[in-house]
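Following this message is one structure expressed as structure tokens.
The values are calculated or read from the model by the stated rules, or taken from the named source; none is laboratory data. In this text the structure is predicted, and so the values were computed from the model without any measurement. Cβ placement follows ideal geometry from the backbone for every residue including glycine, while neighbour counts extend to all protein chains displayed.
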Amino acid sequence: MKVIVIIVAIMVAFVLNLLLGSVDIPMGDILRILIGDDSVSVISRNIIMQSRVPQALTATVAGAGLAVSGLQMQVVFRNPLAGPSVLGISNGASLGVALVVLLSGSIGGVALSRMGYIGNAAISMAAIVGAMAVMSLIMYVATKVRGNVTLLIIGVLIGHLATAIIGVLKFFSAEEDVKAYVVWGLGSFARVSGDEMMLFVCLMLLLLPLSMLLIKTMNILLLGDDYARSLGLNLNRARTFVILSSGVLVAIVTAYCGPVMFIGLAVPHLCRAMFRTNDNRTLMPATMLMGALLALVCNLVARMPGMEGALPVNSVTALVGAPVIAWVIFKRNNQY
């Protein structure tokens, strides 16, 4: 019943994302645009098909991916504060973008970020390469160390190292390039459109079902290392697969939307409180749906009607996510 309510809420939030904005477009016009009726004005068609629909689709799949990634990290590390960025993969993507936006301007005189479509493609590729490079390093380390805590510490150190390099690049870069990088770092569901949006959605629709194949492995990991070994589970291999799944989801979302924070941390806790279970057969699909819903709500708040621009997504996710975490913590304390 709760899952059905979440699905209905996603549909409502998706429609509101199409309906509400700085420009008022009647619901009838939106329906005619979606079915391909050319009688609606070109301006309205462009707003719906080139802005609102891509944003809504991007927010839906990005939120689902980040939420699933956060759940996987919390399971594999058995840490309630673990999130998609805990292993420094988001920092690796940020470092890749910093090299494109900041270093290219310092060396070549013209930053790739100012080169239109080519610059956007370069930023996305740099984010993917940076994230995958860090993830490859994490995968190598995971095969060499046994403890989750050691791997977690190494991931945090890699994240701090990437942040330090970014700080040095900022210091020697032009003000315009630094501003462009900061804007990217605020996160946005609006920068993905056209063929990029279709590729992003298709990738996420492929990766999310694949992550569901790890539900049984994640449930066994919850039982503890000794019990998992007694059931015949190869801990290093299982941990590697879960981290790989989480890392790929984070890398793709960060490449297209920037480092969107808090959804991956808040949504798993919210779902555990709602469904009162740690069984990933329930939590995984519920987290996926709730992540999509929360991202749609955040995107709606970020571009509230009457506003000329849009608020940074990370500011909105923090404003929405922090009260959720606080509510979950207080509710748990009252139960014990």
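Just to be sure I understand, how many residues within the range 15-28 are crowded, with 16+ Cβ neighbours inside 10 Å and either at pLDDT 85 or above or of a type in the set (Lys, Arg) (or both)?
Qualifying residue count for the region: 3.
Mind checking whether some residue in the range 19-33 is among the hydrophobic types (A, V, I, L, M, F, W, C) and either under 22 Å from LEU205 (Cα atoms) or touching an Asp or Glu at 6+ places or on another chain (Cβ under 6 Å) (or both)? Spell out how you get there, then give the answer.
Restricting attention to the range 19-33, the residues satisfying the condition of being among the hydrophobic types (A, V, I, L, M, F, W, C) are 19-20, 23, 25, 27, 30-31, 33.
Right, trim to either under 22 Å from LEU205 (Cα atoms) or touching an Asp or Glu at 6+ places or on another chain (Cβ under 6 Å) (or both) and you get none.
Within the range 19-33, none of the residues are among the hydrophobic types (A, V, I, L, M, F, W, C) and either under 22 Å from LEU205 (Cα atoms) or touching an Asp or Glu at 6+ places or on another chain (Cβ under 6 Å) (or both).
Run SER188 past the list (1) in a helix (DSSP H, G or I); (2) modelled with pLDDT of 80 or more; (3) within 18 Å of ALA255 (Cα to Cα); (4) in contact with a helix residue (DSSP H, G or I) (Cβ under 6 Å, 6 or more places away or on another chain) and report the number of the one that doesn't hold.
With respect to (1) in a helix (DSSP H, G or I); (2) modelled with pLDDT of 80 or more; (3) within 18 Å of ALA255 (Cα to Cα); (4) in contact with a helix residue (DSSP H, G or I) (Cβ under 6 Å, 6 or more places away or on another chain), SER188 is out only on (1).
Further, regarding this structure: Could you check ASN333 against (1) within 24 Å of ARG78 (Cα to Cα); (2) surrounded by fewer than 23 Cβ atoms within 10 Å (Cβ to Cβ); (3) modelled with pLDDT of 85 or more and say which number it fails?
Every listed condition holds for ASN333 apart from (3).
Restricting attention to the range 276-309, and to residues there that are part of a helix (DSSP H, G or I) and within 19 Å of ARG78 (Cβ to Cβ), which single residue is nearest to the chain's Cα centre (by Cα)? Talk me through it step by step, then tell me what you get.
Filtering the range 276-309 down to residues part of a helix (DSSP H, G or I) leaves 280-302.
Adding the requirement that they be within 19 Å of ARG78 (Cβ to Cβ) leaves 280-284, 287.
Values: ASN280: 20, ARG281: 21, THR282: 21, LEU283: 18, MET284: 16, THR287: 13 Å.
That would be THR287.
Residue-wise test of (1) of a type in the set (D, E, K, R); (2) in a helix (DSSP H, G or I); (3) surrounded by 15 or more Cβ atoms within 10 Å (Cβ to Cβ); (4) free of Cβ contacts under 8 Å to residues at least 24 places away in the same chain.
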site: ALA13; (1), (2), (3), (4): no, yes, yes, no
site: ILE30; (1), (2), (3), (4): no, yes, yes, yes
site: SER39; (1), (2), (3), (4): no, no, no, yes
site: THR58; (1), (2), (3), (4): no, yes, yes, no
site: ASN91; (1), (2), (3), (4): no, yes, yes, no
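Can you find, within the range 76-87, the residue that is farthest from ASN314 (Cα to Cα) among those that are touching a Leu at 6+ places or on another chain (Cβ under 8 Å) and surrounded by 24 or more Cβ atoms within 10 Å (Cβ to Cβ)?
Ranking the candidates gives VAL76 first.
Anything in the range 268-306 that is surrounded by fewer than 21 Cβ atoms within 10 Å (Cβ to Cβ) and of a type in the set (Gly, Ala, Ser)? List them, or say none.
ALA273, GLY306
Please enumerate the residues belonging to the range 128-179 that are surrounded by 13 or more Cβ atoms within 10 Å (Cβ to Cβ), of a type in the set (S, T, N, Q) and farther than 18 Å from SER94 by Cα.
Residues satisfying the conditions are ASN148, THR150.
Mind counting the residues in the range 194-227 that are buried (at least 17 other Cβ atoms within 10 Å of the Cβ) and not in a helix (DSSP H, G or I)?
Matching residues across the range 194-227 total 1.
So, one more: List every residue pair whose Cβ atoms sit under 7 Å apart, with the two residues 6 or more apart in sequence or on different chains, where the first one lies in the range 305-322 and is at pLDDT below 75 and the second, anywhere, is basic (Lys, Arg).
What qualifies is ALA310/ARG303.
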